Amino acid sequence: MRKAVESLGASKNRLAGWFGRFVRRLYDYYLKLEQKIDPVERVLKAIDGVQRVQVTLEPAQAIVEYVPGQVDAARLHSAIEDAGYEFVR
């Protein structure tokens, strides 16, 4: 995929070249966002009792669905801070 986008970006056709460079920048931006979100998701999903995790950067938050009898908010709080992130209510 990346090779196709790079060849399109190097195209002599101005429109195709512009479009290829745009897609490449968009793809690179997405990868940078994924690198920020993925560690938080992995930490939370690794906890037994966590059913679903949705992490967003704007606003910076994680929405977590969990089974109350298996895990509590204090455990989630601890996992987030142990991973090097700030827990804010």
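Can you find a residue in the stretch 12-22 that is touching a Lys or Arg at 6+ places or on another chain (Cβ under 6 Å), at pLDDT below 70 and either over 30 Å from ALA79 (Cβ atoms) or of a type in the set (Lys, Arg) (or both)? Within the stretch 12-22, none of the residues are touching a Lys or Arg at 6+ places or on another chain (Cβ under 6 Å), at pLDDT below 70 and either over 30 Å from ALA79 (Cβ atoms) or of a type in the set (Lys, Arg) (or both).
When the stretch 42-54 is examined, which residues are found to be within 19 Å of TYR30 (Cβ to Cβ) and out of contact with any Leu (no Cβ under 8 Å at 6 or more places or on another chain)? The answer is ARG42, GLN54. Restricted to the stretch 46-89, and to residues that are loosely packed, with under 11 Cβ neighbours inside 10 Å, assigned to a loop (DSSP other than H, G, I, E, B) and not aliphatic (A, V, I, L, M), which residue is farthest from the chain's Cα centre (by Cα)? Once the filter is applied, the top-ranked residue is GLY69.
The values are calculated or read from the model by the stated rules, or taken from the named source; none is laboratory data. Every value quoted in this text rests on a predicted model; they were computed, and no experiment measured them. Positions of Cβ are backbone-derived with ideal geometry, glycine not excepted, and every protein chain shown enters the neighbour counts.
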